Structures are given as C-alpha cells and as structure tokens.
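Since every read-out is calculated from the coordinates, none of them should be taken as a lab result. If you're wondering where the values come from, they're calculated on a predicted model, not measured in any experiment. Here the Cβ positions follow ideal geometry from the backbone for every residue, glycine too, while neighbour counts run over all protein chains shown.
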Amino acid sequence: DAKTTQPNSMESNEEEPVHLPCNHSTISGTDYIHWYRQLPSQGPEYVIHGLTSNVNNRMASLAIAEDRKSSTLILHRATLRDAAVYYCILVNTNAGKSTFGDGTTLTVKP
Amino acid sequence: SQTIHQWPATLVQPVGSPLSLECTVEGTSNPNLYWYRQAAGRGLQLLFYSVGIGQISSEVPQNLSASRPQDRQFILSSKKLLLSDSGFYLCAWSLNYGYTFGSGTRLTVV
C-alpha cells in the first residue's frame, strides 16, 4: 500500500486558516485520499476524502494537486477544538488496508 | 446508522496474564475489520485485519492474535501479556471506503 508524508507538526493562530500538506508521490489511480483527525485519547475521526477534484464539507476543504501526488487539507478558520493529530492516508478498496503514518500535530494558539 | 463498540476503555493487566479485547459493529454487514495499536505520540500500527468471518491477516509478528467468530465481532487476544504490549488499541471497520474507529482501549501491562 502506498505511503504518505506529512510534516510532524504545525502551528496556527485561532481564527486563521490552516493548510496541512501531504505528499503521496506513489499514489495509484484507484487510491482515494482520506484525511482523519485524532483528539487525545480518542479514535481518529473522518474529516474528508477525495479522488481527483477538490472537495468541501462542513469541516474542511481538500485541495488535490493535478498530478494527485500531493494534497492539502484546509481548515478555513482554526479553532482551539481543531488542535489534533491529522492523518493523511490512501484508501484503496481493493487493498483492504491502509497505512497511517505519524500524522501532523496541529497546535492552535489563542 | 452504523456504530462501533469497543471495550473496556482502560485496562491494567499484569505481565503474563491473558488478554481479550472485543469490538462489535452495528448497522452494517460484512465490513472489513481492523485492530490497530498506537504507542504514545506515534501513529497507528496495523496489527490485524479481516475481510470476513474466520479470515484474519496478521501484519506484524507479535504476541497477539485475532479472531472473527461472527460477521460483526472482532476479538484481540493474548495468552501471556508482555510489557511491550502496552498501548492504545483501536478497532475500526470499513465498507467500500473510509474507516470508522472505536473509542479505543488503553492497555497498561505492569
């Protein structure tokens, strides 16, 4: 299964936008790009996913590069509750499993 | 709606004791089921996954085993716990795309 690369940590100020990058240079044509976030002592929760086109939902936006080798999770206005570890993974329904890296720890400063 | 139940939330066990963690899913049929372990400050390590009853794939050699006696039940076991088995254990399910995680079990082996 293909791997992803994310920065270990990022900081943001409250009420400002946050752009969390993810590289997935070995992505295959049938891999979906998924983002999850994990609060302390909780299981990860789904944030957003996409295949080729940019996606928006109530939680975030996902910008996917044209060659699909990278993507960016966008939180339009960070709040203190957005402080979490964010994971970018590739999901292929044929593979049956995905690899989670160490993710990006987002710190939001008031 | 689909829900996933995982228990207990916390567990302290002596070295050499057995382990049984149970995970059940409601509201879906024939899901893929997963057991992950997370060390402090690290990402998720896939331990086992199952695509059907009695079908278990092990990702890493270890002191643990998994079983799927029913379609929506996934059990993680050990005959004799080691100190290195301590960690945060997460059960998850997926169907077609994406993952839904349980709330996790924090296991401390003493």
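Computed from phi, the 3J(HN,Hα) profile of region B:29-38 under the Karplus parametrisation 6.51, -1.76, 1.60 (θ = phi - 60°) reads 10, 6, x, 6, 10, 9, 10, 10, 10, 10 Hz, with x in place of Gly and Pro. Farthest toward the positive end of the dipole of the protein assembly as shown, out of B:TRP35, A:TYR87, B:GLN2, is the Cα of B:TRP35, where the dipole comes from beta carbon charges about the Cα centre. Dimensions of region A:1-64 along the principal axes, based on C-alpha atoms and rounded to the nearest Å, stand at 36, 25, 20, largest first. About its Cα centre, the protein assembly as shown has a charge dipole of approximately 420 debye under the convention of +1 per Lys or Arg Cβ and -1 per Asp or Glu Cβ, with nothing else charged. Estimated translational diffusion coefficient (Stokes-Einstein, Kirkwood radius over Cα pairs, 4 °C, 1.567 mPa s) of region A:6-110: 93 µm² per second.
Hydrodynamic radius of region B:26-74 by the Kirkwood approach over all distinct alpha-carbon pairs: 11.6 Å. Phi angles across region B:96-107 convert, under the Karplus curve 6.51 cos²θ - 1.76 cosθ + 1.60 with θ = phi - 60°, into 3J(HN,Hα) values of 6, 7, x, 10, 10, 9, x, 7, x, 10, 8, 9 Hz, Gly and Pro given as x.
Can you pull a Stokes-Einstein diffusion coefficient for the protein assembly as shown at 4 °C (1.567 mPa s), Rh from Kirkwood over Cα pairs, as a whole number of µm²/s? The diffusion coefficient I find is 72 µm²/s.
The trypsin sites (Lys or Arg not before Pro) found in region B:1-73 include none that occupy coil by DSSP while having at most 10 further C-beta atoms within 10 Å.
Simple spin-label estimate for A:SER9 and A:ARG77 gives 2.8 nm between the two label positions (7 Å along the Cα-to-Cβ direction from each Cα). Any chance you could tell me what percent of the C-alpha pair distances in chain B go past 24 Å? Roughly 18 percent, once rounded to a whole number.
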